[in-house]
1. Can you work out which of the residues in region 92-134 that are open to solvent by 10 Å² or more (accessible area, probe 1.4 Å) and of a type in the set (F, W, Y) is farthest from the chain's Cα centre (by Cα)?
2. Where in region 3-68 are there helices (runs of 4 or more DSSP H), lying wholly inside it, with at least 1 residues that are open to solvent by 80 Å² or more (accessible area, probe 1.4 Å), among the acidic types (D, E) and over 19 Å from Y105 (Cα atoms)?
3. Any residue in region 93-101 that is within 20 Å of F163 (Cβ to Cβ) and assigned to a helix (DSSP H, G or I)?
4. Out of the residues in region 145-178 that are among the hydroxyl-bearing types (S, T, Y) and farther than 15 Å from A117 by Cα, which is most open to solvent (accessible area, probe 1.4 Å)?
5. Taking the condition of being assigned to a loop (DSSP other than H, G, I, E, B) and hydroxyl-bearing (S, T, Y), how many residues in region 69-92 meet it?
6. Does S142 satisfy the criteria of being over 12 Å from the mean Cα position of the chain (by Cα), modelled with pLDDT of 95 or more, open to solvent by less than 20 Å² (accessible area, probe 1.4 Å) and within 19 Å of D165 (Cβ to Cβ)?
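The values are calculated or read from the model by the stated rules, or taken from the named source; none is laboratory data. A quick note: this is a predicted structure, and the numbers were derived from the prediction, not measured. Neighbour counts run over all protein chains shown; Cβ positions are idealised from the backbone, glycine included. Keep in mind that these areas ignore ligands, DNA and RNA; they rest on the heavy atoms of the full protein, side chains included. Shrake-Rupley method; radii C 1.70, N 1.55, O 1.52, S 1.80 Å.
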Amino acid sequence: MEIIHAPRLDLIALLPDFLQASIRGDLKFASELMDLIIPTEWLEAQWLMEMRLAKMRANPALEPWLLRAIALRETKTMVGFIGFHTLPGADYLNQYAPGSVEFGYTIFSDYRRRGYASEAAEALMDWATREHHVRRFIVSISPTNEPSLRVAQKFGFRKVGSFTDPEEGPEDIFLREV
């Protein structure tokens with residue numbers, strides 16, 4: 001599986017074996033599979049692991065799209081994760097931008113405010129544009145998540161809608177066209 005490289009980071013696809021080990025809470029085996037140090041904070045994303053694993057099992061072509069470790073190359077440490085929610089062109093995004101793809105990310109608390117979210121987001125969007133000709137990107141951000149709002153602003157995302165997520169509350173929807 002292709003690794004997406006950024007100046008300090010590698011975005012490494014999280015494949016089913018890794019997700020299964022993580023769901024079991026076996027960080028030792030998960031770390032061995034990835035050859036990375038995996039912080040325990042990763043285990044807080046259990047719901048996401050289960051949801052993405054189910055999607056990968058249903059459609060293995062999704063593996064390079066759905067979930068990637070954000071790995072700090074210098075220390076071989078997973079500092080967060082990033083990924084698209086679907087393949088480009090999902091029906092639920094047509095009202096905002098046909099042919100677009102939505103992505104999200106999390107940077108673990110010990111690694112925030114170092115520019116990793118911006119660097120990873122840029123690398124992921126560049127990969128999708130270069131390799132798959134994607135030109136429209138969507139992010140959904142809580143209006144109170146100032147750091148992510150700043151990342152969206154940095155890349156020229158503009159607000160195109162709002163909705164209330166049943167689990168996460170109010171979210172604004174932003175679009176970037178390249």
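1. Filtering region 92-134 for residues that are open to solvent by 10 Å² or more (accessible area, probe 1.4 Å) and of a type in the set (F, W, Y), the one farthest from the chain's Cα centre (by Cα) comes out as Y96.
2. Fully inside region 3-68 and qualifying: 16-23, 27-34.
3. Yes: one or more hits.
4. If we take residues in region 145-178 being among the hydroxyl-bearing types (S, T, Y) and farther than 15 Å from A117 by Cα, then T164 is most open to solvent (accessible area, probe 1.4 Å).
5. 2
6. When the stated conditions are applied, S142 does not pass them.
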